[in-house]
Amino acid sequence: MARHRIDRINEEIRKDVIEIIRDLVKDPRISEMSTVTKVETTKDLRYAKVYVSVLGSEEERLNTIEGLKSAAGFIRKELGSRLEVRYIPELQFVLDNSIAYSVEISRKLNELRLEQEKQDDD
């Protein structure tokens, strides 16, 4: 039962953080090509790792994480007015490279497919 509650809270935090970043955070370092992919909250709800995926260059990814870290207090305050929990967790933003990795793998597979088709035509 406790795991179900944590999962529900994680999803609520994820949705709310997405909305807060999109609608209220105005830091130019935060890429528009970023999204919150997952939230992992500790059992005592004191801390939450917020995984963020950013499509773009390494510089854009790092700038986005820095911008989010800078806005963490504001985002946490906004979460406080939305969540119905006793404690609002401290937010730790973590870069999630899984989507960028998937895009790169797809690009390489497409290159291989095109190369194979070219060899088949010869």
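Every read-out reported here was derived from the displayed coordinates using simple, explicitly stated rules and does not represent laboratory data. No experiment lies behind these values; they were computed from the predicted model shown. Cβ sites come from the backbone with ideal geometry, for glycine too, and all protein chains shown count toward neighbours.
Annotations for the structure displayed:
- Remark: spin-label model distance V94-L112 equals 2.9 nm, labels positioned 7 Å along the Cα→Cβ axis.
- Residue with peak Gaussian network fluctuation, the chain [Cα springs, cutoff 10 Å], from N97, N110, N63: N110
- In the chain, the DSSP-assigned H stretches of four residues or longer account for a calculated mean residue ellipticity at 222 nm of -20500 deg cm²/dmol, using -39500 (n - 2.57) per stretch and the full residue count as denominator.
- Computed extension gain for R86 through S57, at 0.36 nm per residue and net of the alpha carbon distance, reaches 6.6 nm.
- Inverting the pair-averaged 1/r between distinct Cα atoms of region 1-110 gives 14.5 Å as its Kirkwood hydrodynamic radius.
- By the count of neighbouring beta-carbon atoms within 10 Å, fewest first, L109, L79, L62 end up ordered L109, L62, L79.
- Whole-Å distance, taken between Cα centres, linking region 33-73 and region 106-122: 36 Å
- As a rough footprinting exposure proxy, the listed residues L91, L45, L68, L55 were ranked by other beta carbons within 10 Å of their own, and the order from fewest upward is L55, L45, L91, L68.
- Pairs of Lys in the chain closer than 28 Å at Cα, counting only those 8 or more apart or on different chains: 20
- Stretched out straight at 0.36 nm per residue, the stretch from E104 to K15 would grow longer than its current Cα-Cα span by 29.4 nm.
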